[in-house]
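Enquirer: This is the structure, below, for whatever I ask next.
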Amino acid sequence: MLWLKNPDEFFDEQSYLQQGLNFRIGVCVGDIQTKAGLTQSVISSYLSTMQKAGLLESERIGKWTYYRRNEKTIQEFSEYIQKTL
């Protein structure tokens, strides 16, 4: 989640820009997998779980899936925790 909060600090946007994309679309699963050093299936499972929880949004472009944070849900969750706990 931290890597996706400020992707420009953790990933190289140049390859995205060359394709006419940027980090607003999200970060490619492959880039997250490479940085994490885990298998793509493990990373995909983690990302899918966070997406089902509403913490992430995804967009598929061609054969690649890009993930970004769902800031609205994260903010709501943060407020809930602060009020409840």
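Enquirer: Summing Lys, Arg as +1 and Asp, Glu as -1, what charge do residues with Cβ under 10 Å from the Cβ of residue 10 carry, residue 10 excluded?
Expert: -2
Enquirer: Among 45, 22, 82, whose Cα sits farthest toward the positive end of the charge dipole of the chain (+1 at Cβ of Lys/Arg, -1 at Cβ of Asp/Glu, about the Cα centre)?
Expert: Positive-end residue among those listed: 45.
Enquirer: Using alpha-carbon pairs under 8 Å, 6+ residues apart, how would you state the relative contact order of the chain in percent?
Expert: Over the chain, the number comes to 27 percent.
Enquirer: Please report the carbon-and-sulfur percent of the accessible area for the stretch 1-68; probe 1.4 Å, protein heavy atoms only, DNA, RNA and ligands left out.
Expert: That fraction is 49 percent.
Enquirer: Order the peptides 14-22, 45-53, 62-70 from the highest to the lowest mean number of other Cβ atoms within 10 Å of their residues.
Expert: The packing order, highest mean first, is 62-70, 45-53, 14-22.
Enquirer: At 0.890 mPa s and 25 °C, plugging the Kirkwood radius over alpha-carbon pairs of the chain into Stokes-Einstein gives what diffusion coefficient in µm²/s?
Expert: Details: Rh = 13.6 Å.
It comes out at roughly 181 µm²/s.
Enquirer: Modelled label-to-label distance, residue 61 and residue 17, 7 Å Cα→beta-carbon offset: nm?
Expert: 1.4
Enquirer: Quick check: net charge around residue 58, other residues with Cβ under 13 Å of its Cβ, Lys/Arg +1 and Asp/Glu -1? Before the final figure, lay out each step's value.
Expert: On the way: positive: 52, 60, 68, 69; negative: 57, 59.
Here the count lands on +2.
Enquirer: Magnitude of the Cβ-charge dipole of the stretch 40-85, K/R +1 and D/E -1, about the Cα centre, nearest 20 debye?
Expert: With only Lys, Arg, Asp and Glu charged at Cβ, the dipole is about 160 debye.
Enquirer: Quick one: dipole size for the chain, taken about the Cα centre, charges +1 on Lys/Arg Cβ and -1 on Asp/Glu Cβ, in debye to the nearest 20.
Expert: Dipole about the Cα centre, nearest 20: 260 debye.
The values are calculated or read from the model by the stated rules, or taken from the named source; none is laboratory data. No experiment lies behind these values; they were computed from the predicted model shown. No Cβ is skipped: glycine too gets one built from the backbone with ideal geometry, and neighbour counts run over all protein chains shown. In case anyone asks, the SASA skips ligands and DNA or RNA and just uses the protein heavy atoms, side chains included. Shrake-Rupley method; radii C 1.70, N 1.55, O 1.52, S 1.80 Å.
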